[in-house]
Amino acid sequence: MTSSPYTYVPTAATALAHSLQPVLNAARSGAGLPPARFVQVDRIGTSAGDYGTLSARARDRRMAANVLSFRRFPPEEVRGAHLLVVDDVRVTGAHQRCVMRASEDLPFLARTFLYIACFCRPANSRFDPTQEDALNHTAVKSLGDLAAIVAGGDFSWNVRVCKFILRRANRPGLPRFLGGMPGWFVRDLHRNSCRDGYARMAAYAPSHQIVRTELARRYGRPRRRPFRAGLLA
């Protein structure tokens, strides 16, 4: 069992997969089957921007440039196994085709993609895949909307949340937003930004600096570790 691929910060589909896993395993147990374990598919490298805003052609280009790794799936362990890929929505199928290409050499018996929803294009009609962006932001249109979810306690990090917080449009209100967030949230945001590389992307680096400033305001600037000979060997 896996979700849509990611580097360090999980995708939204990962939370769905972890919610489904105990339900699936309860059914498997009742049928005398071993539990299905969750295994991550790695995305090698991240990019700026929101996938949900891309056209069908841009999605195909993005997926063609993506490098996915199934290094956590040793062939001898997955021979004859069923791979269940959990994702939130299927829009153009570009993401599914990318996962299929990346896993085609592994000896799975079957690959099944499970979606919460699929966008269906009526015959002879034009379809705008950027409608996904409207769905993604139905409940969260502002930092204030996100703050209410965090305060409610039913919150989990994902790639889109990080990019939403760090995007340029939210930069003017970011200091005030961070000031009202609990310490764990600011620390997690800083860690996620560093590990997924947003801190080094031109689109997000200025916002990452605001996060660093808030951390320094609360906890002081971290001390630099002294250099020791051989440290980089």
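Overall, the range 140-220 carries a charge dipole of about 300 debye about its Cα centre when +1 sits on the Cβ of Lys and Arg and -1 on the Cβ of Asp and Glu, all other atoms neutral. Summarising the label geometry, the points placed 7 Å from Cα in the beta-carbon direction at VAL39 and CYS120 lie 3.4 nm from one another.
Shown here for the range 123-190: chymotrypsin sites (Phe, Trp or Tyr not before Pro) in loop regions (DSSP other than H, G, I, E, B) with at most 16 other Cβ atoms within 10 Å, namely PHE127, PHE155. Mind giving me the FRET efficiency for ARG28 and ALA205? R0 is 35 Å, r the Cβ-Cβ distance, nearest 0.05 is fine. For ARG28 and ALA205, the calculated efficiency is 0.15.
Ranked by the mean number of other Cβ atoms within 10 Å of their residues, highest first, the peptides 33-43, 201-211, 186-196 fall in the order 186-196, 201-211, 33-43. Per-residue Karplus couplings for the range 203-212, computed as 6.51 cos²θ - 1.76 cosθ + 1.60 with θ equal to phi - 60°, are listed in order as 5, 10, 4, x, 6, 4, 5, 5, 5, 4 Hz, Gly and Pro entered as x.
Between ARG101 and ASN170, the simple label model (points 7 Å from Cα in the Cβ direction) yields a spacing of 3.1 nm.
So, R0 is 45 Å and r is the distance between the beta-carbons of ALA216 and THR130; what FRET efficiency does that work out to, to 0.05? Don't skip to the end; give the middle numbers.
Numbers: r = 38 Å, r/R0 = 0.84.
The pair ALA216/THR130 has a calculated efficiency of 0.75.
Extension gain for VAL67 to LEU109 (0.36 nm times residue separation, less C-alpha to C-alpha distance): 12.8 nm.
Taking 8 Å as the Cα distance limit and 6 or more residues as the minimum spacing, I'd like the relative contact order of the range 140-220 as a percentage. Don't jump to the answer; show the numbers that get you there.
On the way: 54 pairs, mean separation 25.4, N = 81.
Taking the mean separation of contacting Cα pairs over the length of the range 140-220, I get 31 percent.
Rule-based calculations on the coordinates, nothing more; no lab input. Because the structure is a prediction, the values reported are computed rather than measured. Glycine gets a Cβ as well: all are built from the backbone with ideal geometry, and neighbour counts include every protein chain shown.
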